[in-house]
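Visitor: Provided herewith is a single structure, encoded as structure tokens, for subsequent inquiry.
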Number of protein chains: 2
Amino acid sequence: MNGDAGARTDGRRIAVLLEYDGTAYSGSQYQENGPSIQSELETAIHKLTSETVRAAFAGRTDAGVHALGQVASFETTSRLTAAEFVSGLNHFLPEDIAVRSALEVAREFDPRRHANSRLYRYRIDNRAVRSPLERNRSWHVARPLDAAAMQRAAAGLEGKHDFASFAGPFEGRTERTLRRCEVIAGGGSITVEMEAQAFLPHQVRRTVGPLVELGFGRIEEKMLMAWLDEPRASAAGPAAPSCGLYLVSVAYDGLDFGLEDGNGQSA
Amino acid sequence: MNGDAGARTDGRRIAVLLEYDGTAYSGSQYQENGPSIQSELETAIHKLTSETVRAAFAGRTDAGVHALGQVASFETTSRLTAAEFVSGLNHFLPEDIAVRSALEVAREFDPRRHANSRLYRYRIDNRAVRSPLERNRSWHVARPLDAAAMQRAAAGLEGKHDFASFAGPFEGRTERTLRRCEVIAGGGSITVEMEAQAFLPHQVRRTVGPLVELGFGRIEEKMLMAWLDEPRASAAGPAAPSCGLYLVSVAYDGLDFGLEDGNGQSA
């Protein structure tokens, strides 16, 4: 669209890398009945530039879900530099949301459709007693989990499958390619990392739920395989709670937010 | 006192290992003008046992300071087991305080006087942009710090010295033996760990303050050495903010809370 003779030839598109503590929000996207990351970002953009914009997000995160590297983008006629967007938006954003980095991108950039890869992390605190410093940051599972069994089952979910059983209701194709599904245990905590170009709704939390059932010994690995073989919406059982889930990063061809610690991956 | 013919021969002393997020509290000790960890613990003990007790703490922590392994103890005539104290107190404690473990100890046990060693950790987030998930959990220092220079200076503070310059006003001897003062850098964060049998008031935060000034290049290592050589209350400048400080653990001869991850040391 650059070079168009239309009314907005001076518009630019800015992409921002967002970190947030999702505890106080109804989710990433605008909602009528509660504060959202989107509305906070759009309000901060308005305060900074006096423009009313609509921000597009790479991934929808539910109420209580966190992000280390969510990507959002918006059009603006402002002449502020990317660095000025970072400091200016952080001045106006609440303390539980921050812009880690910003870039000027092509006008046609779509953070959702152009994403090559999304990495989610799910954190389980598997110590006997709840941890005050981990509250709202991980799922406290007091009973010991068999992390090695969880890892074996997780590896079996990798690859191209119909994941309908591990997702909420979804209209459309439910085949996805899970590039990585890894269970990492250590120091009383268990982390599940899942990477794919795209996920079904609630897919990460609806995968962690049955993996934890398996870690308790309540279900066997062949049950998970059967859910892959006979896909049926939500068959694999309830989702793990949202407080343990982090959108870690979203990757794009030729887009680098230039953070030394990656797109939020260090935390 | 065991075997006394006094009124409370049936009393036992229980020691508890506490984790807390200090953000919402005026400090560990009872205060007239705000909620304290002590008052929350004593209230939970009262709800559990119907007894009104006074809890003694290993170390005073200020408003906003956290603990992974604070130790407190109290007398009780209750017949509850140590495990029942853990689950019962956690039922009544608010979600930002938890008892990680409990032990029956000798009646004469004094968590403050009998401590052999205290380990504190101070966390600095040294990335350019503030981190929402690290808010109230670390001190955000946006300008790059020279962690290697900080580590060299920290090592120079180890040993037996008069630390009056690195403490708030204190009546009494200001010599202490700093067994370890270490600066650990990695992944955008800088951690200062300090270990001693006993510390002066605000000593950790009043050591981190000048170490950060040194990390900026504003003062030199010889300045820190001069403050050791010519002790003068608070000479080394202001304290680092409380939100970055954690009481990690307190060690006693012959007392083991039996946690696999140590007395809170894993977090």
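The values are calculated or read from the model by the stated rules, or taken from the named source; none is laboratory data. Remember, predicted model here, so these are calculated numbers, not experimental data. With ideal geometry, Cβ positions are generated from the backbone for all residues, glycine too; neighbour counts draw on all protein chains shown.
Visitor: How about the stretch B:176-225: which of its residues are of a type in the set (Asp, Glu), over 23 Å from B:Gly27 (Cα atoms) and part of a strand (DSSP E or B)?
Guide: Matches in the stretch B:176-225: B:Glu182 only.
Visitor: Oh, and also: Residues in the stretch A:97-116: is at least one within 14 Å of chain B (Cβ to nearest Cβ), free of Cβ contacts under 8 Å to residues at least 24 places away in the same chain and over 23 Å from A:Ala196 (Cα atoms)?
Guide: No: zero hits.
Visitor: On the basis of being more than 14 Å from every other protein chain (Cβ to nearest Cβ) and among the β-branched types (Val, Ile, Thr), does B:Thr77 make the cut?
Guide: Yes: the conditions hold for B:Thr77.
Visitor: Can you tell me which residue within the stretch A:162-190, out of those that are modelled with pLDDT of 95 or more and within 14 Å of chain B (Cβ to nearest Cβ), is surrounded by the most Cβ atoms within 10 Å (Cβ to Cβ)?
Guide: Ranking the candidates gives A:Ile190 first.
Visitor: Among the residues of the stretch B:133-142, are any without any contact (Cβ under 8 Å) to a residue 60 or more places away in the chain and either hydrophobic (A, V, I, L, M, F, W, C) or assigned by TED's automatic domain parsing to the domain that holds B:Ala63 (or both)?
Guide: Yes, some residue in the stretch B:133-142 is without any contact (Cβ under 8 Å) to a residue 60 or more places away in the chain and either hydrophobic (A, V, I, L, M, F, W, C) or assigned by TED's automatic domain parsing to the domain that holds B:Ala63 (or both).
Visitor: Which condition does A:Ala63 not pass, out of (1) of a type in the set (A, V, I, L, M); (2) within 12 Å of chain B (Cβ to nearest Cβ); (3) in contact with a Gly (Cβ under 6 Å, 6 or more places away or on another chain); (4) over 11 Å from A:Leu18 (Cβ atoms), if it passes all the others?
Guide: The one condition A:Ala63 does not meet is (2).
Visitor: How many residues are among the small types (Gly, Ala, Ser), under 24 Å from the mean Cα position of the chain (by Cα) and closer than 22 Å to B:His161 by Cβ when one looks only at the stretch B:218-250?
Guide: So the count comes out to 7.
Visitor: The conditions are (1) closer than 27 Å to A:Arg123 by Cβ; (2) at pLDDT 95 or above, and A:Arg60 fails exactly one of them. Which is it?
Guide: Looking at each condition in turn, A:Arg60 falls short on (2).
Visitor: Across the stretch A:124-175, what is the total count of residues that are more than 29 Å from B:Gly244 (Cβ to Cβ), in a helix (DSSP H, G or I), in contact with an Asp or Glu (Cβ under 9 Å, 6 or more places away or on another chain) and not small (Gly, Ala, Ser)?
Guide: 2
Visitor: (1) touching a Lys or Arg at 6+ places or on another chain (Cβ under 9 Å); (2) surrounded by 21 or more Cβ atoms within 10 Å (Cβ to Cβ): which one isn't true of B:Asp62, the others all being true?
Guide: That leaves (2) as the condition not met.
Visitor: Additional query: Would you check if there is a residue in the stretch A:1-11 being surrounded by fewer than 16 Cβ atoms within 10 Å (Cβ to Cβ), at pLDDT 95 or above, over 29 Å from A:Glu134 (Cβ atoms) and not aliphatic (A, V, I, L, M)?
Guide: no
Visitor: So, one more: Of (1) away from chain B (no Cβ under 14 Å); (2) under 30 Å from A:Phe257 (Cα atoms); (3) free of Cβ contacts under 8 Å to residues at least 60 places away in the same chain, A:Tyr122 satisfies all except one. Which?
Guide: Going through (1) away from chain B (no Cβ under 14 Å); (2) under 30 Å from A:Phe257 (Cα atoms); (3) free of Cβ contacts under 8 Å to residues at least 60 places away in the same chain one by one, A:Tyr122 breaks only (3).
Visitor: Looking at the stretch B:113-159 only, could you name the residues that are surrounded by 15 or more Cβ atoms within 10 Å (Cβ to Cβ), within 30 Å of B:Thr77 (Cα to Cα) and of a type in the set (Lys, Arg)?
Guide: Residue satisfying the conditions is B:Arg118 alone.
Results for (1) of a type outside the set (Gly, Ala, Ser); (2) in contact with a Leu (Cβ under 7 Å, 6 or more places away or on another chain), shown as yes or no for each residue.
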site: B:Arg143; (1), (2): yes, no
site: B:Ala153; (1), (2): no, yes
site: B:Phe163; (1), (2): yes, yes
site: B:Phe166; (1), (2): yes, no
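Visitor: Can I ask one more? Just to check your reading of the model, which residue among B:Ala233, B:Ala196 is away from chain A (no Cβ under 14 Å) and modelled with pLDDT of 95 or more?
Guide: B:Ala196
For every residue, the table says whether it meets (1) under 17 Å from the mean Cα position of the chain (by Cα); (2) within 14 Å of chain B (Cβ to nearest Cβ); (3) surrounded by fewer than 16 Cβ atoms within 10 Å (Cβ to Cβ).
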| site | (1), (2), (3) |
| --- | --- |
| A:Ala15 | yes, no, no |
| A:Asn33 | no, no, yes |
| A:Glu40 | no, yes, no |
| A:Ala44 | no, yes, no |
| A:Glu51 | no, no, yes |
| A:Ala56 | yes, no, no |
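Visitor: Out of curiosity, is B:Gln70 under 21 Å from the mean Cα position of the chain (by Cα), within 14 Å of chain A (Cβ to nearest Cβ) and within 24 Å of B:Ala167 (Cβ to Cβ)?
Guide: yes
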